[in-house]
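The values are calculated or read from the model by the stated rules, or taken from the named source; none is laboratory data. Just so it is clear, the model here is predicted, and its values are computed rather than measured. Here the Cβ positions follow ideal geometry from the backbone for every residue, glycine too, while neighbour counts run over all protein chains shown. Each accessible area value is taken on the protein alone, full model and side chains, heavy atoms only, with ligands, DNA and RNA left out. Shrake-Rupley method; radii C 1.70, N 1.55, O 1.52, S 1.80 Å.
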Amino acid sequence: AQTVTQSQPEMSVQEAETVTLSCTYDTSESDYYLFWYKQPPSRQMILVIRQEAYKQQNATENRFSVNFQKAAKSFSLKISDSQLGDAAMYFCASASNSGGSNYKLTFGKGTLLTVNP
Amino acid sequence: GAGVSQSPSNKVTEKGKDVELRCDPISGHTALYWYRQSLGQGLEFLIYFQGNSAPDKSGLPSDRFSAERTGGSVSTLTIQRTQQEDSAVYLCASSLRIGRGQPQHFGDGTRLSIL
């Protein structure tokens, strides 16, 4: 079974600064996908960034980038130039083909990010 | 709108009543997923549909839970004889097709409160 661990229940950052959210995962698969989702108070889960495990290059999306360390099974999210609108719960998630279940996401418990003006 | 639509947004009901939650996926998305988000359990996968078929129902917490999808579009999640532990936010997501790399697009969820 897959597991995803987010060790930081809460984080805070000053507006315009950079913050890194941690995530580790466990899977026996060699090919899988990792995701970061953002959930603001509106409840809608919004995809922030996606990483394919067989790709060496770290994914980037504007101010969001990941540090993917496959051997260490680590997948951290870096938010640069933090904005007030970045305040939300952030979930790390994985999807693999373990047991043929390539359809579901396994989520971590989430990190609540506060952005201070 | 172009996103996943869920209704109702909030539902309060008495213990023992049946409830029906609705999900309207993004047009053209063949895969549809239900998740439950609660304080104690985090985000749990419940069930998925490929077209109208639900190949794996093992994520449903009990036989009081059922789901169906008709016409490859709208899905309903039904909870019979609700219990207080069913209180949670029920999230629906859809993706263009099944596959581990497919981004899942979520709705705003239905907050279910059992009195």
Alpha-carbon Debye profile of segment A:56-117, log10 I(q)/I(0) at 0.19, 0.27, 0.29 Å⁻¹
-0.89, -1.24, -1.27
State the extension gain, in nm to one decimal, for the chain segment bounded by residue A:109 and residue A:7, taking 0.36 nm per residue of separation less the distance between their alpha-carbons.
35.9 nm
Inter-chain shielding metric for B:48-60, i.e. average beta-carbon neighbours from other chains within 10 angstrom, reads 1
Set the Förster radius R0 to 35 Å, insert the Cβ-Cβ distance between residue B:57 and residue B:9 as r into 1/(1 + (r/R0)^6), and round the FRET efficiency to 0.05.
0.85
Within the protein assembly as shown, what is the number of lysine pairs with alpha carbons under 29 Å apart, leaving out pairs fewer than eight places apart on the same chain?
28
Can you pull the accessible area of residue A:19 for me, 1.4 Å probe, Å² to the nearest 10?
10
Can you give the three extents of the C-alpha atoms in the protein assembly as shown along their principal axes, from longest to shortest, in whole Å?
48, 40, 32
Whole Å is fine, so just give me how far the alpha carbon centre of segment B:55-115 lies from that of segment A:2-35.
25
Of the convex hull drawn through the C-alpha atoms of segment B:1-103, the volume per residue in Å³ is 103
How big is D for chain A, in µm² s⁻¹ as a whole number, if Stokes-Einstein is applied with the Kirkwood radius of its Cα pairs at 10 °C and 1.306 mPa s?
111
What ranking, highest mean first, results for peptides A:29-38, B:54-63, A:73-82 when packing means the other Cβ atoms within 10 Å averaged over each residue?
A:29-38, A:73-82, B:54-63
Residue of B:13, B:82, B:70 that the Gaussian network model of chain B assigns the largest fluctuation, springs spanning Cα pairs under 10 Å
B:70
Is there a simple number for the mean count of other chain Cβ atoms within 10 Å of the Cβ of residues in A:37-45, and what is it?
5
How high is the FRET efficiency between residue A:47 and residue B:97 when r is their beta carbon distance and R₀ equals 22 Å, given to the nearest 0.05?
0.85
For labels at residue A:63 and residue A:84 in the simple 7 Å Cα→Cβ model, what's the distance in nm?
1.2
Accessible area buried, both sides summed, chains B and A with 1.4 Å probe, Å²:
2000
Looking at segment B:1-36, which trypsin sites (Lys or Arg not before Pro) are in a loop (DSSP not H, G, I, E or B) and have at most 15 other Cβ atoms within 10 Å?
B:15, B:17
Go ahead and set up a Gaussian network model of chain A, Cα springs under 10 Å, then flag whichever of A:69, A:51, A:39 fluctuates most.
A:69
Taking the Cα centre of segment A:1-89 as the origin and placing charges on Cβ (Lys, Arg +1; Asp, Glu -1), which of A:14, A:76, A:28 is farthest toward the positive end of the dipole?
A:28
